[in-house]
Structures are given as structure tokens and as C-alpha cells.
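**Q** Can you keep this structure in mind? I'll have questions shortly.
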Amino acid sequence: MMAPVEEASLAARRCQLLEGVKGRVLEIGGGTGANAPYYDHGTRLVVSDPDPSMYPLLLEKARGDNSRFSFLSSTAESIPFEADQFDLVVSTLVLCSVINPGRAMAEISRVLKPGGKFLFLEHIRATGKKAYLQDVVQPLWSLVGSGCHPNRPTVSLIRDAGFDVEKLELFDPFSSFPGIARFALQFLTPFAQGVARKE
Ligand SMILES: C[S@@+](CC[C@H](N)C(=O)[O-])C[C@H]1O[C@@H](n2cnc3c(N)ncnc32)[C@H](O)[C@@H]1O
């Protein structure tokens, strides 16, 4: 289902987000490993997801290189690591569906080293009338979309957790879609790509 949007926009965004990433990295909600091909070979990566049925696909995308990748079953709200362990934490299309995003951000902050970075690619709450539309469709969308919230104010939540948002770009990954599809998917925009630094 995601293939057209990956092709139109997200694959390039993932590549840009993860360019030059090095060090010890935790990815939360790694899913089927859509980001795995974009990590540099110098990365020591832990990918977590609460759904272990994702791991075989993830390993496939990691091109069999499981010496640098390790996998663990955990939610972002309860990360089983000591404090100050990671240089970077990565989240793509995850914070919309975690049950407690405030708790997840607190955990991300806890496991990052001081000055560590949080890289994110998420769809977020819009402004004005579109935000109202997102509030209206949210209960049904969450029901059919595995708990996804189109109206989550993720960038504010990142700031509320004490991060300094150093880079932020809002975009519409559906902008090249034909009219009717673009119109129907507007409630899932904007997307936000950014880098936030743990103070
Ligand atoms: C839309 S998928 C995104 C997968 C991948 N990150 C990507 O960019 O394609 C959302 C992922 O978040 C995971 N997830 C759901 N609840 C979570 C939670 N509380 N903590 C961490 N991950 C969660 C799901 O299992 C799923 O793999």
C-alpha cells in the first residue's frame, strides 16, 4: 500500500534523513526495515519494534548484514537500555501510532547521550481547518489504521520533551499524486522531517 508514496517521496526522504549517520543508533518502530538500506556501514544499529513478526523482512532489507544490526522487541514507551547510550535515535512514521507519545519522547531523551540527536520523519497535525478535519476522522482512522493518529502534534511533543529542533521541513508526499488521490489523502499531511538535539 505504501509503495507509491515510497517511490514518489519517502524513499528519497529516508535517504536524506539518514545520510552520514554514524555511531550507536537506536531506531524505534523499525517495522519491516524500510530504513535499513540507507544506513552507512559504520553504523551500529539496534532496531526495535513491538511486533517481532517484522524481523524476517527487516533482516532481508538489511541485506543479510546482521553483524551490525541487532533487533529487539520493545515499545518506544519502555526502552530496555540504560540512560545515555545512543548517539542517535531514529523514528519514521512511528510517533503517530505509539499509545503514549509523551512517555515515548521521555524514553528517547533518556537513552540519548547529552547532545545526541533525534532524527524524525513523521506525519503531523495540520493547522487551521485541516486540523479540525483530522480531529473528526481520527477515531475511524485509528480503528482501521493500527492506532495511527493523523492529528498528533508531534513536533510540539518533541519540543515539550526538552529537545531543540535544529532542522525542520514540512512537506506533502502526495503532491505528485493524481487529483482525487491527493485530495483524499490531505488529512494525512503535512509530513515533517527534522533533527532535534537533546539539550
Ligand atoms: C507505519 S509503521 C512504520 C514502520 C517503519 N518505521 C517505516 O518507516 O516504514 C509503524 C511501526 O510502529 C510500530 N509501533 C506501534 N506501536 C509502537 C510503540 N508503542 N512503540 C514502538 N513502535 C511501535 C509498529 O509495530 C510498526 O512497525
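The values are calculated or read from the model by the stated rules, or taken from the named source; none is laboratory data. Treat the numbers as computed from the prediction; the structure is a model and nothing was measured. Quick reminder, even Gly has a Cβ in these numbers, built from the backbone with ideal geometry, and neighbours come from all protein chains shown. The area values use the complete protein model at the heavy-atom level, side chains included, leaving out ligands, DNA and RNA. Shrake-Rupley method; radii C 1.70, N 1.55, O 1.52, S 1.80 Å.
**Q** Could you identify the single residue in Asp87, Asp51, Asp40 that is of a type in the set (Asp, Glu) and within 10 Å of the ligand (Cβ to nearest atom)?
**A** Of the residues listed, the single one that is of a type in the set (Asp, Glu) and within 10 Å of the ligand (Cβ to nearest atom) is Asp51.
**Q** Moving on. Quick one: how many residues across the stretch 107-118 are surrounded by 15 or more Cβ atoms within 10 Å (Cβ to Cβ) and either part of a loop (DSSP other than H, G, I, E, B) or more than 13 Å from the chain's Cα centre (by Cα) (or both)?
**A** Final tally of qualifying residues: 8.
**Q** Counting only residues that are among the hydrophobic types (A, V, I, L, M, F, W, C) and within 11 Å of the ligand (Cβ to nearest atom), which one in the stretch 1-17 is most open to solvent (accessible area, probe 1.4 Å)?
**A** So the residue we want is Met1.
**Q** Would the stretch 123-134 turn up any residue that is at pLDDT 95 or above and either within 19 Å of Val25 (Cα to Cα) or within 15 Å of the ligand (Cβ to nearest atom) (or both)?
**A** Yes, the stretch 123-134 has at least one match.
**Q** Could you grab me the full set of residues in the stretch 144-171 that are surrounded by fewer than 17 Cβ atoms within 10 Å (Cβ to Cβ), in contact with a strand residue (DSSP E or B) (Cβ under 7 Å, 6 or more places away or on another chain) and either among the polar types (S, T, N, Q) or under 19 Å from Gly128 (Cα atoms) (or both)?
**A** Glu169, Leu170, Phe171
**Q** Name the single residue that is farthest from the ligand (Cβ to nearest atom) among those in the stretch 54-81 being within 18 Å of Leu112 (Cβ to Cβ) and buried (at least 21 other Cβ atoms within 10 Å of the Cβ).
**A** If we take residues in the stretch 54-81 being within 18 Å of Leu112 (Cβ to Cβ) and buried (at least 21 other Cβ atoms within 10 Å of the Cβ), then Ile79 is farthest from the ligand (Cβ to nearest atom).
**Q** Tell me whether the stretch 130-147 contains one or more residues that are among the small types (Gly, Ala, Ser), in contact with a helix residue (DSSP H, G or I) (Cβ under 8 Å, 6 or more places away or on another chain) and not in a helix (DSSP H, G or I).
**A** Checked the stretch 130-147: no residue is among the small types (Gly, Ala, Ser), in contact with a helix residue (DSSP H, G or I) (Cβ under 8 Å, 6 or more places away or on another chain) and not in a helix (DSSP H, G or I).
**Q** Just the residues that are hydrophobic (A, V, I, L, M, F, W, C) and closer than 12 Å to Asp87 by Cβ, please, taken from the stretch 19-53.
**A** Val21, Val25, Leu26, Leu45, Val46
**Q** Next question, about the same structure. Which condition breaks for Gly31 when tested against (1) more than 7 Å from the ligand (Cβ to nearest atom); (2) open to solvent by less than 50 Å² (accessible area, probe 1.4 Å)?
**A** (1)
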